[in-house]
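Below is one structure; the comments refer to it alone.
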Amino acid sequence: MTELEFDAAVSEQVERVLGYLNFSSGAEDAAFLKSLNELFQFVSQNGHESQPPFDLVHQLLSRQLEESCQNNSTFKDADQARRAIR
């Protein structure tokens, strides 16, 4: 995947999705669903036509989760998020 350039607003959506995936017990959360929808909208508009949006969102979340694990102690144990992303 070519690196998608994104701003602070998209970064916030990614963090919200990752936080939900890692810490949620599975209860429905409107903010999570809104953030996930906005990520799909972002990659649909800024991604490459050769890759489907779901593939780009998967790659984006996986990459950002690994960065968060290295830089944010909140994600020290991110096994639940990794399983959910897979």
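We did not get these values from a lab; they are worked out from the coordinates using the rules stated. Keep in mind that this is a model prediction, so the values were computed, not measured. Neighbour counts are summed over all protein chains in view; Cβ atoms, including those assigned to glycine, are modelled from backbone coordinates with ideal geometry.
For this structure, a couple of remarks:
- With loop membership from DSSP and a limit of 10 other Cβ atoms within 10 Å, the longest segment of the chain without GluC sites (Glu not before Pro) is 50-86.
- Over the chain, dividing the summed -39,500 (n - 2.57) contributions of all DSSP H runs of at least 4 residues by the number of residues returns a 222 nm mean residue ellipticity of -22500 deg cm²/dmol.
- With one equal scatterer per alpha carbon and no solvent term, the Debye-computed log10 I(q)/I(0) for the chain at 0.12, 0.21 1/Å reads -0.33, -1.02.
- For segment 16-64, a Kirkwood radius taken over Cα pairs fed into Stokes-Einstein (20 °C, viscosity 1.002 mPa s) yields D = 187 µm²/s.
- Placing a pseudo-label 7 Å from each Cα along the Cα-to-Cβ vector at A30 and E67 gives an inter-label distance of 3.0 nm.
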